[in-house]
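Asker: Mind having a look at this structure? Questions to follow.
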Amino acid sequence: MSQRLQGIEEFVAAVEAGSFALAAQRLHVTRSAVAKSIARLEARLDTRLFLRTTRSQSLTEEGHGYYERCRRALAELEAAEALTDAARHTAAGLVRLSMPAMLGRLKVGPLLLALARQHPQLSLELAFNDRRVDLVEEGLDLAIRSGELDDSAGLVARPVGVQWMLLCAAPAYLAERGHPRDLAALVAPHEAVYYARDGQVSPWRFREGDAVVEAALPSRLRCDSAEVLLEAAIGGMGLARLPAWLAADALAAGTLVRVFDEPEPFGFPLHVIRTPSRYLPLKTRVVIDWLVEHLPPLLATR
């Protein structure tokens, strides 16, 4: 029986990832190991599952049918493992999780280290980056996502807090450029430091009644590092729109001040997302529940 299962996980991963190389990354093996497993599987079945060229791969008709049955079989195996987890009441195994870089290093990472200390059989693989990851393609169990979930159809999401945004500046900057007292005063000679990724600047958003409005200023600095934006604001390079949890220490130290109060604060919702499944492994549920309980209070400053 065990021989009949050999190669199936690699085959399903290759189909879902779209290539042997991406499947290898997902399974944490080499590309050649995936290719050899699938070659042995095709030899054992005496059936060609993939049509391969130097630039692409696609399933044969037989491959399509075999994939659907293998996918369902692996789902049932995962369900059986989840039931076993629940029966022994122990969170064990590896959970792979991606999260925004700065938020992960300062808030989520320490929380998960505390969780791991409570569960000696739980292993964590944490990725810190600001891009929107594909859970299936990258072999992730969970991801923390900031903002609206427009591109997350088919995923299961749990809210884990809100990143409340503050408009901040260094006292020396305001002494030089003047102190705007409301949204209408955000005009020249003021400058901004902006968060931007892949050439796209994230606009500043403010809430006015039921509406969300955007503000734009000239800028000499755009980058994809929240840490650099914080340092730029402290250094007087411009006004900065920062998450409250990130600006909290600088505000307490007086190196930054809030530019003006916002009667109705604007924030980006945070969710932990996963792919849907009939049974959720205990190891994954423990991580989700821990984040739901402990992360929101760390973001509450506004």
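The values are calculated or read from the model by the stated rules, or taken from the named source; none is laboratory data. No experiment lies behind these values; they were computed from the predicted model shown. We place every Cβ from the backbone using ideal geometry, glycine too, and count neighbours over all the protein chains shown. Quick note on the areas: whole protein, heavy atoms, side chains included, nothing else; ligands and nucleic acids left out. Shrake-Rupley method; radii C 1.70, N 1.55, O 1.52, S 1.80 Å.
Asker: Can you pull the accessible area of TRP204 for me, 1.4 Å probe, Å² to the nearest 10?
Answerer: Accessible area, nearest 10 Å²: 10 Å².
Asker: Treat every Asp and Glu Cβ in region 1-68 as -1 and every Lys and Arg Cβ as +1, leave all other atoms uncharged, and give the resulting dipole magnitude about the Cα centre to the nearest 20 debye. Don't jump to the answer; show the numbers that get you there.
Answerer: Values: 9 positive and 8 negative charges, 68 e Å.
In total the dipole reaches around 320 debye.
Asker: How large a share of the accessible area of the chain, in percent, is made up of carbon and sulfur atoms when the probe is 1.4 Å and the other protein chains stay in place? Intermediate results must be reported in sequence, preceding the final value.
Answerer: Values: 8270 of 16130 Å².
Carbon with sulfur: 51 percent of the solvent-accessible area.
Asker: Pairwise over distinct Cα atoms, reciprocal of the mean inverse distance: report the Kirkwood radius of region 1-140 in Å, one decimal place.
Answerer: 17.2 Å
Asker: What are the ³J(HN,Hα) couplings of region 124-139, residue after residue, when phi is run through the Karplus curve with 6.51, -1.76, 1.60 and θ = phi - 60°? Round to Hz, x for glycine and proline.
Answerer: These are the phi-based 3J(HN,Hα) values: 10, 10, 10, 10, 10, 7, 9, 7, 7, 7, 9, 4, 5, 4, 9, x Hz.
Asker: Which of the listed residues, ILE144, LEU167, PRO189, is farthest toward the dipole's positive end in the chain, when Lys, Arg count +1 and Asp, Glu count -1 at the beta-carbon?
Answerer: With unit charges placed on the Cβ atoms, the residue in question is ILE144.
Asker: Quote the accessible area belonging to ARG52 in square angstrom, nearest 10, computed with a 1.4 Å probe and with ligands, DNA and RNA left uncounted.
Answerer: That residue has around 100 Å² of solvent-accessible surface.
Asker: Let me know the charge dipole size of region 162-206 about its Cα centre in debye, to the nearest 20, where only the beta-carbon of Lys, Arg (+1) and Asp, Glu (-1) is charged.
Answerer: Values: 4 positive and 4 negative charges, 19 e Å.
With Lys and Arg at +1 and Asp and Glu at -1, about 100 debye.
Asker: Give me the three principal axis extents of the chain from the C-alpha atoms, as integers in angstrom, largest value leading.
Answerer: Ordered largest first, the chain gives principal extents of 77, 47, 34 Å.
Asker: Ranking request for peptides 253-263, 275-285: highest mean number of other beta-carbon atoms within 10 Å first, then the rest in descending order. Spell out each step's value before the answer.
Answerer: Numbers: 253-263: 14.7, 275-285: 16.5.
Ranking, from highest mean packing down: 275-285, 253-263.
Asker: For the chain, what is the charge dipole size about the Cα centre, in debye to the nearest 20, if Lys and Arg each add +1 at the Cβ and Asp and Glu each add -1 at the Cβ? Show your work: numbers first, answer last.
Answerer: Numbers: 35 positive and 37 negative charges, 155 e Å.
That gives the chain a dipole magnitude of about 740 debye.
Asker: Could you compute how much accessible surface HIS271 exposes when probed at 1.4 Å, giving the result in Å² to the nearest 10?
Answerer: 40 Å²
Asker: Right, next: Taking region 135-201 on its own, what percent of its Cα-Cα pair distances exceed 14 Å?
Answerer: Numbers: 1646 of 2211 pairs.
For region 135-201, the fraction of Cα-Cα distances above 14 Å is 74 percent.
Asker: Here's something else I'd like to know. Average the reciprocal distances over every distinct pair of alpha-carbons in region 190-302, invert the result, and give the Kirkwood radius in Å.
Answerer: Details: mean 1/r = 0.0606 Å⁻¹.
One over the average 1/r among Cα pairs gives 16.5 Å for region 190-302.
Asker: Report the dimensions of region 37-79 along its three principal axes from the alpha-carbon atoms, largest first, rounded to Å.
Answerer: For region 37-79, the Cα extents along the three principal axes come out at 37, 21, 18 Å.
Asker: Could you point to the residue in GLY254, VAL228, GLY238 farthest towards the positive end of region 222-270's charge dipole, with +1 and -1 charges on the Cβ of Lys/Arg and Asp/Glu respectively?
Answerer: Going by the charge dipole, the pick is GLY238.
Asker: Let me ask something additional. Can you sort TYR195, TYR67 by solvent-accessible area, 1.4 Å probe, largest first? Present the calculation step by step, with values, prior to reporting the outcome.
Answerer: Working: TYR195 50, TYR67 30 Å².
Ranking TYR195, TYR67 by accessible area, largest first, yields TYR195, TYR67.
Asker: Per residue, how large is the accessible surface of region 116-236? Use a 1.4 angstrom probe and give square angstrom.
Answerer: On the way: 6640 Å² over 121 residues.
Result: 55 Å² of accessible area for each residue.
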